[in-house]
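Comments concern the structure below.
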Amino acid sequence: MFDLILRRARLCDEQLVDIALRDGKIAVVGNVTGSAQQERDLGGRWYVSAGWIDSHVHCYAKSPVYHDEADAVGVAQGVTTVVDAGSTGADQIDDFRQLTRHATTDVRALLNVARTGIVTQNELADMRQIDEAAVVQAVTRHPGFIVGLKARMSSSVVGENGIAPLIRAKAIQHAAGDLPLMVHIGNDPPVLEEIAELLTAGDIITHCFNGKPNRILSAQGELKAAVSQALARGVTLDIGHGSASFSFAVARQAIARGILPDTISSDIYCRNRLHGPVHSLAHVMSKFLALGMTLPQVIACVTTQAAAALRLSGKGDLTPGSDADLTIFSVNQETRPFTDAEGEQVAGEHHFLPVAVTVAGQWHLTEEGKRHHVFSL
């Protein structure tokens with residue numbers, strides 16, 4: 001007996017399959033015989049993928065700068081796992097874990113290397129805030145919840161310290177067990193070349209398609225050599241759209257040169273969720289359909305590749321034994337305006353509409369699913 005069977009689910013390669021879930025895991029993908037406590041027939045209309053992972057959000061509700069509720073940016077929007085990107089440091093991580101442990105969405109954290117987290121906009125301007133012992137102790141207290149580290153390397157954050165906080169962060173990364181390190185890039189100093197030269201395999205450049213002068217492309221539109229060398233070492237590119245960190249012009253140039261993001265993330269918090277230009281992970285994903293990426297490419301950026309980048313065991317995969325986290329969605333054909341962080345507007349012809357998720361095998365409707373009364377019993 002299965003817990004849930006989804007009949008005639010449409011995969012991104014257009015196959016129709018049945019998917020059976022049991023004990024919080026995917027049990028069968030293919031032709032499922034037998035019965036379940038609950039069955040839902042998707043009729044070939046609704047796509048199903050592994051549960052979407054947003055690898056860059058801000059959902060520490062007590063943050064004075066960037067805050068939101070985990071389920072508001074998670075299951076309500078079709079996202080089954082969210083990774084908070086540095087809202088908290090060692091001083092608040094215990095509270096953050098306690099606040100989110102009962103969320104429906106699976107919440108993980110990238111620990112800010114500054115022990116204060118993002119309480120102000122310049123948490124790395126005081127080198128005394130970078131406390132190796134505090135980071136190591138926090139990682140030891142919360143294995144599995146802390147999945148990496150975060151360092152924001154732009155001039156407004158580091159003040160007069162230049163590249164020094166990243167040098168310290170790399171040493172802390174090694175002391176903390178070589179977890180992935182996500183590095184925010186923005187205005188210089190430090191310049192991107194200095195940052196990229198320090199990054200090693202498994203590190204993540206977020207805000208990779210920002211439109212600021214300190215971006216991954218040269219003035220001539222070529223990938224900067226230091227970034228190219230970093231990618232060759234195994235550094236990955238994350239979108240981290242946010243309020244000020246995504247440019248259609250840069251994305252078009254990069255994609256035309258075959259430079260695709262490894263992960264698509266939102267950098268969402270309450271303000272850019274409610275007022276744009278982010279709105280939701282689905283909205284950000286839709287922008288990449290408008291930029292010419294294929295459905296399988298976009299879905300990989302929020303499933304298999306997101307799970308690989310942050311070493312999320314059991315996530316991002318539609319295979320038996322993986323976590324029973326699924327996103328059920330359609331791709332609607334309807335012209336809609338999409339706006340980047342620079343104010344450029346693009347008319348997109350397709351957009352993602354997530355209507356339901358399963359998290360650990362439990363069925364939940366999204367905001368859109370409730371609004372459209374889909375799957376009503």
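The values are calculated or read from the model by the stated rules, or taken from the named source; none is laboratory data. The structure presented is a predicted model; accordingly, all values stated were derived computationally and were not measured. When we count neighbours, we look across all protein chains shown, and the Cβ atoms used for this are built from the backbone with ideal geometry, even at glycine. Calculation scope for accessible area: heavy atoms of the full protein, side chains included, ligands and nucleic acids excluded. Shrake-Rupley method; radii C 1.70, N 1.55, O 1.52, S 1.80 Å.
So what's the angle, to the nearest 10 degrees on a 0 to 90 scale, between helix 132-141 and the longest Cα principal axis of the chain?
Computed tilt is about 20 degrees.
Roughly what would the spin-label model give for residue 222 and residue 200, points 7 Å off Cα along C-beta, in nm?
Here the modelled spin labels are 3.0 nm apart.
I want the local charge near residue 42. Using Cβ-Cβ distances under 9 Å, sum +1 for each Lys or Arg and -1 for each Asp or Glu among the other residues.
It works out to a net charge of +4.
What figure, in Å² to the nearest 10, do you get for the accessible area of residue 136 with a 1.4 Å probe and non-protein molecules left out?
Here the accessible area works out near 40 Å².
What shape does the stretch 129-198 have by the C-alpha gyration tensor, where a ≥ b ≥ c are the square roots of the eigenvalues, rounded means a/c under 1.5, and otherwise prolate means a/b greater than b/c and oblate the rest? Display every interim value, and only then the final one.
Values: a/c = 2.28, a/b = 2.01, b/c = 1.13.
Prolate is the answer for the stretch 129-198, as a/c is 1.5 or above and a/b outweighs b/c.
Express in whole angstrom the spacing between the alpha-carbon centres of the stretch 62-102 and the stretch 217-290.
22 Å
Ignoring any ligand, DNA or RNA, what whole percent of the accessible area of the stretch 67-121 comes from carbon and sulfur when the probe is 1.4 angstrom?
Summing carbon and sulfur atoms, their accessible area is 45 percent of the total for the stretch 67-121.
Whose amide H sits under 5 Å from the amide H of residue 3, counting only residues 5 or more places off or on another chain, with H placed in the peptide plane?
21, 22, 23, 37
Which number do you get for Rg(Cα) / (2.2 N^0.38 Å) in the chain?
So the Cα radius of gyration is 0.96 times the expected 2.2 N^0.38 Å.
Using modelled amide H (1.01 Å from N, peptide plane; none on Pro or chain starts), what sits under 5 Å from the amide H of residue 236, excluding residues fewer than 5 places away?
202, 203, 204, 205
How many Å² of accessible area per residue for the chain, probe 1.4 Å?
That works out to 38 Å² per residue.
Please list, in order along the stretch 11-17, the HN-Hα scalar couplings obtained from phi with the Karplus expression 6.51 cos²θ - 1.76 cosθ + 1.60 (θ = phi - 60°), rounded to whole Hz, x for Gly and Pro.
Here the 3J(HN,Hα) series is 8, 5, 8, 6, 5, 9, 9 Hz.
Does the stretch 206-340 classify as rounded, prolate or oblate by the C-alpha gyration tensor (a ≥ b ≥ c root eigenvalues; a/c under 1.5 gives rounded; else a/b over b/c gives prolate, otherwise oblate)?
oblate
Over the chain, what is the relative contact order in whole percent, taking alpha-carbon pairs under 8 Å and six or more residues apart?
Dividing the mean separation by the residue count of the chain yields 19 percent.
For residue 69 and residue 133, what does the FRET efficiency come to when R0 = 25 Å and r is the distance between their Cβ atoms, rounded to the nearest 0.05?
It comes out at approximately 0.20.
What pairs from 170/224; 287/315; 212/315 go past 29 Å between their alpha carbons?
212/315
Show me the trypsin sites (Lys or Arg not before Pro) within the stretch 45-108 that DSSP assigns to loop and that have at most 13 other Cβ atoms within 10 Å of their Cβ. Mind dumping the intermediate values first?
Numbers: sites: 45, 62, 97, 101, 108; in loops: 45, 62, 101.
Passing both the DSSP loop test and the Cβ count: 45, 62, 101.
Can you give the relative contact order of the stretch 130-178 as a percent, counting alpha carbon pairs under 8 Å and 6+ residues apart? Walk me through the numbers on the way to the answer.
Details: 22 pairs, mean separation 25.4, N = 49.
Averaging sequence separation for qualifying contacts and normalising by length gives 52 percent for the stretch 130-178.
Taking the simple approach of a point 7 Å from Cα along Cα-to-Cβ for both residue 252 and residue 156, what is their distance in nm?
Each label point is offset 7 Å from its Cα along the Cβ direction, giving 2.6 nm.
From the protein chains alone at 1.4 Å, what is the descending order of accessible area for 327, 236, 140, largest first?
Result, largest first: 140, 236, 327.
Would you mind checking the tilt of helix 164-175 against the longest principal axis of the Cα atoms of the chain, expressed as 0 to 90 degrees and rounded to 10?
50 degrees
Fully extended, how many nm does the chain gain between residue 360 and residue 11 (0.36 nm per residue separation, minus their Cα-Cα distance)? If you can, show how the numbers build up before the last one.
Details: separation 349, 0.36 × 349 = 125.64 nm, distance 1.95 nm.
Value of the extension gain: 123.7 nm.
Which residue, 358, 105, 294, has the most motion in a Gaussian network model of the chain that connects Cα atoms within less than 10 Å?
Among 358, 105, 294, the largest mean-square fluctuation in the Gaussian network model of the chain belongs to 294.
Considering only the other residues whose Cβ falls under 11 Å of the Cβ of residue 85, what net charge follows from Lys and Arg at +1 and Asp and Glu at -1?
Local net charge: -1.
I want the local charge near residue 161. Using Cβ-Cβ distances under 14 Å, sum +1 for each Lys or Arg and -1 for each Asp or Glu among the other residues.
On the way: positive: 128, 152, 168; negative: 123, 126, 160, 188, 194.
With Lys, Arg at +1 and Asp, Glu at -1, the neighbours total -2.
State, to one decimal in nm, how far the label point of residue 102 lies from the label point of residue 174, with both points 7 Å from Cα in the Cβ direction.
Computed distance between label sites residue 102 and residue 174 equals 4.3 nm.
Provide the FRET efficiency to the nearest 0.05 for the residue 191-residue 275 pair, computing r from the beta carbons and using R0 = 25 Å.
The calculated FRET efficiency here is 0.20.
Using Cα-Cα distances under 8 Å and only pairs 6 or more residues apart, what relative contact order does the stretch 1-138 have, in percent?
The normalised contact order for the stretch 1-138 reaches 17 percent.
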